[in-house]
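Notes to accompany the following structure.
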Amino acid sequence: MTGTTFGAVPWGPPLGEPVPRLDGRAKVTGSARYAADHTPAGCAHAWPVPAPVAKGTVTAVHRAAAMAEPGALSVLAHDDAPRLGDADDRTLAVLQSPRIAHRGQVVALAVAETLPAARAMAAAVRIECAPVPPDLELTPEHPRLVTPEGAESAQGDFPAAFHGAQVRIDAVYSIPPLHNHPMEPHAATAQWLGGRLVVFDSSQGSNAVRDALAALFELEPDQVSVVSEHVGGGFGAKGTPRPHVVLAAMAAMAVNRPVKLALPRGLLPALTGYRASTLQRVRLGADTEGRVRAIAHEVDTYTSPLSPDWRERATQPTRSLYAAPHRLTRERVAPLDVPSPSWMRAPGECSGMFAVESAMDELAVACAMDPIELRARNEPDVDPHTGRPFSSRHLVECLRAGADRFGWADRDPAPAMRRQGRLLIGSGVAASTYPAEVIPSSARAHANPGGGFLVEINATDIGTGARTVLAQIAASTLGIGVDELEIDIGRTDLPRAPLAGGSCGTASWGWAVHKACGELSRRIDEHQGAVPAGGLTVTVDTTEDLATDDQYTRRSFGAQFAEVAVDVDTGEARVRRLLGVFAAGRILNPRTARSQLLGGMIMGLSMALTETSTLDLAFGDHPERDLASYHVASCADVREIDVHWLAEEDSRLNPMGSKGIGELGIVGTAAAVTNAIHHATGVRVRDLPAQPDALL
Ligand code: MOS
């Protein structure tokens, strides 16, 4: 990316306006088609059979009882499934080997005329296997814990500076495994048409799905079409191709019919990634005035043998967060025989910020300082890790604006002092930050001779409002209203574009849409404003625009405030109020932005109080496999939530001046809640979630 500075704001309406979702009506009336809503003629149904042990070998697949079910078509397993080509991602090499890498891995696939028949068949398949003892437990002494390349950093002399500090915090924080549960479970409908593969998939990025399917089935990418027109949430769980889409394509090949596979929710935790548990030690050494001289953040986590390069990069935000001359970060990861962890909203950053922002609160208490003043005192001039300037950074401004709105000024810092009947009341604060990245994208803009425009880009709208915001960017660039153009997204036969992930979708796609529409405007001007009979079409790519060296650290920032009430008899904590104030560049649509940030904050509240998965050492996977046992915060848990943002100008980001907002909202929320619990009760919650027994 660039040293480029984008000119003064060229933007007018409808950008920046609260345009309602263009697909809202289609979604609420049920006419929007999701992956499993497509039923080609002759479509068969598939149901997976999960591995019953955590590690071992499948020695026999007994199919007779399953094949005796009415409507049975096939039971695919490693011994007869189509052979696949190489995939970089080994979780996609489904049914290729008798080896069992984790419990819940798909070891057979039942295919039948109807969904109930496929399900009955799957229950009747008997898997015989030779189990071996799995390695499931992460301890700080685990012999296979390693520090991968790039997973540690050191500046100054941390040990000496920490040892010599007047005030020291040394604490260990833990987060359990956490699972994404999008409303729409992962699903795919696959169909072979001649030598072509056509797939409807529930994915955050269909280009990556197409590339993976092309490699696995040894096709050219243009022989594969993937449609992800509407997607019912993802949070990272649909950020990369997942096994279900490969299984659907494989089954369609084997039975020579279209096949639909919607994963049962109970298999999502084993097959679609999760936030791996982290054990995090944070050490802060400061003077009595709260100036941090030494900061260390060390994380132990794990991955699976199928995803050897994965880790929760939980120290990443710490590197750039607070000034301190003596610094140390280290992430260690061990391979365990567990389901493969992967992306969950603000992967790494969200985990790490719980630990660091809790430790900062502990330091504020130890120094008898206001936690906002403590953070302001440690604000760096430049990125302390790289020495580069921030493209923009308004963390302190967010904290101060939030303090005003929240009513922080009157806060008595003493813990366990405010009682209302059975309730202890407290408030807490934490910082929020997330990288602001951009990925190359292409787009096409077309002017019709009779008036009207069409904008095409393979962006994905996973519920965020991406479709609407891209139409606003196009309309604003063309100087028209959103109703004067059509926007077409969500298919690989549209211009290639990156995934909806890493909070970089809108910045990346929007740049390409802006470029295409700007170029189209110039072309129309060349024709004296009259579109010629054949129309005008412009296709662009932003690879070159993004190609020069980066000179800045680009991050969004925010401040999270929570007020909690803890019942002294039951230990139950409730969040009464939550306030987020963010600095995330230009806000392109306040309606959809608010909803994104609000959703992130609710997910963070949920992480603080209710969500938890247990890695069951007897079985090797997580027993919380439905919404009755995996407790996502529901309406009664969520009271007053307020979202605000600063009018942040950053001319170095992209033509819109926007930063991503998909993940910023969750970062820091859990620490704000547990810091508030400390203020309410005097109990320091270092292990999430804050369950009642810990608060009594
Ligand atoms: Mo996000 S975890 O990049 O979908």
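The values are calculated or read from the model by the stated rules, or taken from the named source; none is laboratory data. Everything quoted here is computed from the prediction, not taken from an experiment. Positions of Cβ are backbone-derived with ideal geometry, glycine not excepted, and every protein chain shown enters the neighbour counts. Protein only, heavy atoms only, side chains kept; ligands, DNA and RNA dropped before computing areas. Shrake-Rupley method; radii C 1.70, N 1.55, O 1.52, S 1.80 Å.
Looking across the range 247-262 at every residue that is open to solvent by 10 Å² or more (accessible area, probe 1.4 Å) and in contact with a His (Cβ under 8 Å, 6 or more places away or on another chain), the one that is farthest from Thr39 (Cα to Cα) is identified as Ala262.
Can you pull out every residue in the range 401-415 that is open to solvent by 30 Å² or more (accessible area, probe 1.4 Å) and either part of a loop (DSSP other than H, G, I, E, B) or not assigned by TED's automatic domain parsing to the domain that holds Leu579 (or both)? Of everything in the range 401-415, those that are open to solvent by 30 Å² or more (accessible area, probe 1.4 Å) and either part of a loop (DSSP other than H, G, I, E, B) or not assigned by TED's automatic domain parsing to the domain that holds Leu579 (or both) turn out to be Gly407, Ala409, Asp410, Arg411, Asp412, Pro413, Ala414, Pro415. Of the residues making up the range 524-540, just one is within 40 Å of the chain's Cα centre (by Cα) and either open to solvent by 70 Å² or more (accessible area, probe 1.4 Å) or under 25 Å from Pro389 (Cβ atoms) (or both), namely Thr539. Of all residue pairs spaced 6 or more apart or on separate chains, those with beta-carbon atoms under 9 Å, a first member in the range 228-251 that is among the acidic types (Asp, Glu) and a second member that is open to solvent by 10 Å² or more (accessible area, probe 1.4 Å) and part of a loop (DSSP other than H, G, I, E, B) are Glu229/Arg33; Glu229/Tyr34.
Could you say which residue among Leu499, Leu494 is part of a loop (DSSP other than H, G, I, E, B), within 16 Å of the ligand (Cβ to nearest atom) and more than 21 Å from Trp11 (Cα to Cα)?
Leu499
If you go through the range 337-381 and keep only what is farther than 22 Å from Ser277 by Cβ and without any contact (Cβ under 8 Å) to a residue 40 or more places away in the chain, you end up with just Ala376.
Scan the range 58-90 residue by residue and report those that are touching a Lys or Arg at 6+ places or on another chain (Cβ under 6 Å) and open to solvent by 20 Å² or more (accessible area, probe 1.4 Å). First the steps, then the outcome.
Filtering the range 58-90 down to residues touching a Lys or Arg at 6+ places or on another chain (Cβ under 6 Å) leaves 62, 75.
Scanning the range 58-90 gives a single hit, His62.
Note on the range 252-270: residues that are closer than 27 Å to Gly30 by Cβ and either in a helix (DSSP H, G or I) or within 16 Å of the ligand (Cβ to nearest atom) (or both) amount to 5.
I need the full set of residues from the range 125-139 which are assigned to a loop (DSSP other than H, G, I, E, B), open to solvent by 40 Å² or more (accessible area, probe 1.4 Å) and either closer than 26 Å to Ala46 by Cβ or without any contact (Cβ under 8 Å) to a residue 12 or more places away in the chain (or both), in order please. Answer for the range 125-139, where residues must be assigned to a loop (DSSP other than H, G, I, E, B), open to solvent by 40 Å² or more (accessible area, probe 1.4 Å) and either closer than 26 Å to Ala46 by Cβ or without any contact (Cβ under 8 Å) to a residue 12 or more places away in the chain (or both): just Thr139.
Could you list all residues from the range 302-336 that are among the acidic types (Asp, Glu), in a loop (DSSP other than H, G, I, E, B) and either open to solvent by 10 Å² or more (accessible area, probe 1.4 Å) or away from the ligand (no atom under 16 Å from the Cβ) (or both)? Across the range 302-336, the qualifying residue is only Asp309. Looking at the range 109-119, can you tell me whether even one residue there is open to solvent by 30 Å² or more (accessible area, probe 1.4 Å), in contact (Cβ under 8 Å) with a residue 40 or more places away in the chain and within 30 Å of the chain's Cα centre (by Cα)? No, because not a single residue in the range 109-119 is open to solvent by 30 Å² or more (accessible area, probe 1.4 Å), in contact (Cβ under 8 Å) with a residue 40 or more places away in the chain and within 30 Å of the chain's Cα centre (by Cα). Residues in the range 383-400 that are within 27 Å of the chain's Cα centre (by Cα) and open to solvent by 60 Å² or more (accessible area, probe 1.4 Å): His385, Thr386, Arg388, Glu397.
Could we say that Leu664 is open to solvent by less than 10 Å² (accessible area, probe 1.4 Å), in a loop (DSSP other than H, G, I, E, B) and modelled with pLDDT under 95 here? Answer is no for this residue. Among the candidates Pro269, Pro305, the residue that is at pLDDT below 95 and under 24 Å from the mean Cα position of the chain (by Cα) is uniquely Pro305.
Okay, residues lined up against (1) buried (at least 24 other Cβ atoms within 10 Å of the Cβ); (2) part of a helix (DSSP H, G or I):
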{"residue": "Val338", "(1), (2)": "yes, no"}
{"residue": "Ala346", "(1), (2)": "yes, no"}
{"residue": "Cys350", "(1), (2)": "yes, yes"}
{"residue": "Ala355", "(1), (2)": "yes, yes"}
{"residue": "Met360", "(1), (2)": "yes, yes"}
{"residue": "Val365", "(1), (2)": "no, yes"}
{"residue": "Ala368", "(1), (2)": "no, no"}
{"residue": "Glu373", "(1), (2)": "no, yes"}
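Quick check on Pro241: is it open to solvent by 10 Å² or more (accessible area, probe 1.4 Å), modelled with pLDDT of 95 or more and within 16 Å of the ligand (Cβ to nearest atom)? Answer is yes for this residue. The numbered conditions (1) open to solvent by 10 Å² or more (accessible area, probe 1.4 Å); (2) within 20 Å of the chain's Cα centre (by Cα) are all true for Thr592 except (1).
Considering only residues in the range 187-236 that are assigned to a loop (DSSP other than H, G, I, E, B) and farther than 27 Å from Gly465 by Cβ, the one that is farthest from the ligand (Cβ to nearest atom) turns out to be Gly194. For Ser508, the criteria (1) of a type in the set (Ser, Thr, Tyr); (2) closer than 24 Å to Arg210 by Cβ; (3) away from the ligand (no atom under 16 Å from the Cβ) hold in every case but one, which is (3).
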